[in-house]
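The values are calculated or read from the model by the stated rules, or taken from the named source; none is laboratory data. Since we're looking at a predicted model, the values are computed, not measured. Heavy atoms of the whole protein, side chains included, go into the accessibility calculation; ligands, DNA and RNA do not. Shrake-Rupley method; radii C 1.70, N 1.55, O 1.52, S 1.80 Å.
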Amino acid sequence: MSLVFGVVAIVLARLGRAAPALATAFIGATAGIALLAVSGHAAAFDSPVPILVDLVHVGAGATWLSGLVGLAVLSDFGG
């Protein structure tokens, strides 16, 4: 599902529609993170707190990884 949202976001961005592309990418990423948290081991508990903690954890990891990729793209590799 997130892959479909990503493809739609890329198509929208190439058509020059930046705002809808960003919104589509955000919705797809949020849905993917939510599905990962709900289908993981935190869903075995009766309380919703482990799922919320897992949402924050996976979201923070995704933010960290995207920041690392952005830093790698922006850095000067050749010196």
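One table, with the values for the structure above:
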| read-out | value |
| --- | --- |
| Of all accessible heavy-atom area on the chain, the percent that carbon and sulfur account for (1.4 Å) | 77 percent |
| Karplus (6.51, -1.76, 1.60) ³J(HN,Hα), θ = phi - 60°, over the stretch 15-23, in Hz, Gly and Pro reported as x | 7, x, 9, 5, 5, x, 5, 5, 5 |
| Surface accessible to a 1.4 Å probe, per residue, for the residues of the chain, Å² | 75 Å² |
| In sequence order, calculated HN-Hα J values of the stretch 47-52 (Karplus, 6.51, -1.76, 1.60; Hz; x Gly/Pro) | 7, x, 4, x, 5, 5 |
